[in-house]
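Report on one structure; see the data block that follows.
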Amino acid sequence: MGNPEGEVQRRVLLLCGDYMEDYEAMVPFQALQAFGVSVDAVSPVKKAGDICATAITIQVESTDQANAESRGHNFTLNATFDDIEFDKYDGLVIPGGRSPEHLAMKASVVELARKFSDSRKPIAAICHGLLVLAPAGAVKGRKCTAVSAMKPGLVAAGAHWVEPDSLSVCVADDNLITGVTYYGNPEFIRLFLKTLGGNICASERRVLIIIGDYAEDYEVTVPYQTLKVLGCHVDVVCPKKKAGDTCPTAIRDLEGGQTYSEIRGHNFVLTADFESIDASSYDALVLPGGKAPEFLALKEDVIVLVKQFMEARKPVASICHGLEILVAAGVLQGKKCTGYPGIKARVVSSGGTFVEADPIDRCVSDGNLVTAAAWHGQPELISQLMTLLDIRVSF
């Protein structure tokens with residue numbers, strides 16, 4: 001996660017609040033860091049190290065229907081709102097969810113949004129995040145989009161409303177980037193990156209992600225959407241399932257117990273048929289963690305695929321419990337790697353060298369293999385995977 005010598009690092013502000021939408025906060029947060037952008041996540045009345053609760057928004061097919069919601073991950077802030085020095089930031093990102101309606105009631109938040117708007121610095125707001133921009137006068141005379149329920153208020157604030165025909169629509173109007181929902185995260189982040197002056201240097205790469213039921217929520221979606229930002233073709237597959245089928249995910253958090261907590265996450269829609277996969281047509285493999293790997297490790301067709309990637313020395317990225325699949329495939333002999341601490345004994349018995357998962361965002365590279373202790377280390381894991389794939393973001 002660095003910038004080439006001679007480039008000035010971009011720095012952006014992520015405006016958070018309790019029950020912001022989970023993906024609309026974490027995907028931009030980790031993706032931008034993977035691209036070498038410094039991201040400060042702040043929330044009024046809270047300090048660095050404090051937690052914001054997030055919400056999982058279960059989207060329906062239409063842009064004009066209500067949705068269900070459940071509890072998401074805990075999001076740890078890494079900066080303090082009261083310490084913000086506006087001049088140090090190059091852009092602003094505002095996630096959706098339920099938090100924006102409360103953030104929009106705070107004068108300090110509205111004034112901050114107004115400063116970004118008046119200075120014409122890049123602003124990216126998704127879904128209900130536009131509620132913060134309306135009272136700041138930041139949408140007046142500007143083209144923008146969001147979920148359809150936002151239309152009356154935005155039109156009243158003087159916006160030129162763009163009616164979305166899908167949940168992934170995004171609109172760019174000079175320095176203002178708006179999106180409907182997290183389904184559009186790849187385009188939303190790509191447009192924001194461009195507005196920051198970022199340039200993606202790569203030819204198209206093809207990446208395969210193998211998951212199963214109850215794979216860890218962030219460990220599937222963050223790599224998937226981040227790699228799509230970069231223009232990669234990404235297929236997510238599951239044994240015995242086809243494109244369009246879903247896999248439920250699991251949300252795992254470290255909350256002070258002897259091990260992680262776990263609750264139900266999003267439903268991830270698979271993009272390809274597992275039976276049709278040919279390893280030779282892909283440039284890299286990603287193995288998310290969660291509960292799925294212990295069952296995927298029992299499937300011979302999964303093991304065969306993993307061995308093919310490792311024998312061809314193609315990049316392989318494993319997160320947390322993803323190591324269980326690599327252990328079963330017998331490909332860790334002489335390799336340094338990291339993952340969930342509970343897997344250490346299995347890694348060592350298979351001939352690998354386990355690097356302790358302390359801190360929890362640790363990431364280890366050894367040749368074509370990149371491993372992260374948990375989802376906390378995904379920015380560095382994706383950055384190292386980009387290097388192996390010869391993908392670069394320059395400013």
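On a C-alpha basis, how far is the centre of segment 246-283 from the centre of segment 120-158 in Å? Whole number, if you could?
Taking the Cα centre of each part, segment 246-283 and segment 120-158 sit 33 Å apart.
If I take every Cα pair under 8 Å that is 6 or more residues apart in the chain, average their sequence separation and divide by the length, what percent do I get for the relative contact order? Walk me through the numbers before you get to the answer.
Values: 935 pairs, mean separation 51.1, N = 395.
It rounds to 13 percent for the chain.
In degrees from 0 to 90, rounded to the nearest 10, what is the angle of the helix 22-34 Cα long axis to the longest principal axis of the chain?
So the inclination is approximately 70 degrees.
Ranking request for peptides 200-207, 325-332: highest mean number of other beta-carbon atoms within 10 Å first, then the rest in descending order.
Values: 200-207: 14.6, 325-332: 22.2.
Taking the mean over residues of other Cβ atoms within 10 Å, the ranking is 325-332, 200-207.
Calculate, in whole percent, how much of the Cα-Cα pair population of segment 335-395 lies beyond 20 Å.
On the way: 491 of 1830 pairs.
Value for segment 335-395 (Cα pairs over 20 Å): 27 percent.
Quick one: which of 369-380, 34-45, 267-278 comes out on top by average Cβ neighbours within 10 Å, and what's the full order, highest first?
Values: 369-380: 25.8, 34-45: 20.9, 267-278: 15.1.
Highest to lowest by the protection proxy: 369-380, 34-45, 267-278.
Take the alpha carbon atoms of segment 177-235, find their center, do the same for segment 12-52, and report the distance between the two centers in whole angstrom.
The distance from the Cα centre of segment 177-235 to that of segment 12-52 comes to 17 Å.
Find the all-direction average of the projected area of the Cα convex hull for segment 176-238, expressing the result in square nanometres with one decimal place. Don't skip to the answer; put the middle values down first.
Numbers: hull surface 19.3 nm².
That works out to 4.8 nm², a quarter of the Cα hull's surface.
Regarding segment 130-242, what are the three Cα extents along the principal axes, ordered largest first, in Å?
49, 32, 22
How large is the convex hull of the Cα atoms of segment 69-212 per residue, expressed in Å³ as a whole number? Mind dumping the intermediate values first?
Details: hull volume 22.7 nm³, N = 144.
Dividing the Cα hull volume of segment 69-212 by its residue count gives 158 Å³.
Give me the Å³ per residue figure for the convex hull around the C-alpha atoms of segment 110-191.
On the way: hull volume 5.9 nm³, N = 82.
Value for segment 110-191: 72 Å³ per residue.
Dividing the alpha-carbon radius of gyration of segment 251-292 by 2.2 N^0.38 Å (N being the number of residues), what value is obtained?
Values: Rg = 15.3 Å, N = 42, 2.2 N^0.38 = 9.1 Å.
Against the empirical 2.2 N^0.38 Å value, I get 1.68 for segment 251-292.
Work out from phi, with θ = phi - 60° and the Karplus expression 6.51 cos²θ - 1.76 cosθ + 1.60, the ³J(HN,Hα) of each residue of segment 320-330, listed in order in whole Hz, and give x for Gly and Pro.
These are the phi-based 3J(HN,Hα) values: 6, 6, x, 4, 4, 6, 5, 4, 5, 7, x Hz.
Please list, short to long, the whole-number percent of alpha-carbon pairs of segment 75-140 in consecutive 5 angstrom bins beginning at zero.
Result, from short to long distances: 4, 17, 29, 29, 17, 4, 0 percent.
Just from its helices, what would the mean residue ellipticity at 222 nm be for the chain, if runs of 4 or more DSSP H residues each count -39500 (n - 2.57) and the sum is divided by every residue, rounded to the nearest 500 deg cm²/dmol? Display every interim value, and only then the final one.
On the way: 12 runs with 104 residues, N = 395.
The per-residue figure over the chain is -7500 deg cm²/dmol.
If each Cα of the chain is one equal point scatterer, what is log10 of I(q)/I(0) from the Debye formula at q = 0.06, 0.13 Å⁻¹?
For the chain, the Cα-only Debye profile gives -0.22, -1.05.
Read-outs throughout are calculated quantities, based only on the coordinates presented, and are distinct from any laboratory measurement. Predicted model only: the values in this text are computed from it and were never measured. Here Cβ is always computed from backbone atoms with ideal geometry, including for glycine, and neighbour counts include all displayed protein chains.
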